[in-house]
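Throughout, read-outs are computed from the coordinates displayed, never taken from laboratory work. Everything quoted here is computed from the prediction, not taken from an experiment. Cβ placement follows ideal geometry from the backbone for every residue including glycine, while neighbour counts extend to all protein chains displayed.
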Amino acid sequence: MLTGGTDIDGGTPPSAAPVRGRIRTGCAAKGANVTESAGNSTRPGNVPALERATSIPWEDWVALFESAGAKTLGHTEIARIAREKIPASVENPDWWAQGAAIAFEQYAGLRVPGQSSTGSFRVSASRTVEMDRDAAIESWAGVVAGLDHHLGHLTTGRRRSRTEKRTFWRANLEGSGVVEVSAVAKDDSRSVVAVEHNGLPDADSIEAWRAHWKELLAQI
């Protein structure tokens, strides 16, 4: 069921190949790939992924939303319209409904790349590592243990948690939102570590934060 308050302007779609590239931050990547995840997923590259996953051309999505008056609706209502359109055979339809809503909101000028439905901004990055998810978060915690500030913002409220599928590290950044680092098993020997930074006050610092998190991910 589509969750009314969910806005997933971030994360890698389950059936879309990620865009991979080596880290260019001056730190050794240890042979890993870094994904600029589709956090800031309003970029044009996500439309082809949406089309492939749903088998619905972008022009049809636009026609659907415009006929429903989506330019005057909130994010939750737009996502619900999309959810009703997605075929039952599509894997993770709620995720794609959110993605379709976000893409249209960008198309219609209702939000800019990196902006959430609340008006704040976010950025994300991820890396595949050769260790299990708990070890990956332990390694991340070690990398940031001595960092009281990130790009000049005081770090407070560090905490860890674990669910059946994911292991988390979270912290607050004074004046710059919240960062969540999650690790999920990719296969028997590898995990994907993803940084999701939410609550940026504007878009100007997105690329600086992206570079910062990618540099730290490279040290795991």
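The simple Förster model, with R0 at 22 Å and r as the Cβ-Cβ distance, assigns residue 58 and residue 88 a FRET efficiency of 0.60. Take each peptide in 177-184, 140-147, 68-75, 166-173, count the other Cβ atoms within 10 Å of every residue, and average; sorted highest first, the result is 177-184, 166-173, 68-75, 140-147. Sequentially through segment 154-170, phi angles give Karplus couplings (6.51, -1.76, 1.60; θ = phi - 60°) of 5, 9, 9, x, 5, 8, 10, 8, 8, 10, 4, 10, 10, 10, 10, 10, 9 Hz, Gly and Pro residues having no value and appearing as x. Given a Förster distance of 30 angstrom, what is the FRET efficiency for residue 215 paired with residue 77, based on the Cβ-Cβ distance and rounded to 0.05? Computed FRET efficiency for residue 215 and residue 77: 0.15. If R0 is 25 Å, the Cβ-Cβ spacing of residue 132 and residue 156 corresponds to a FRET efficiency of close to 0.30.
Sorted on the mean count of surrounding Cβ atoms within 10 Å across their residues, most packed first, peptides 76-86, 92-102, 122-132 read 92-102, 122-132, 76-86. A crude spin-label estimate for the pair residue 208 and residue 178, with each label 7 Å from Cα along the Cβ direction, gives 2.4 nm.
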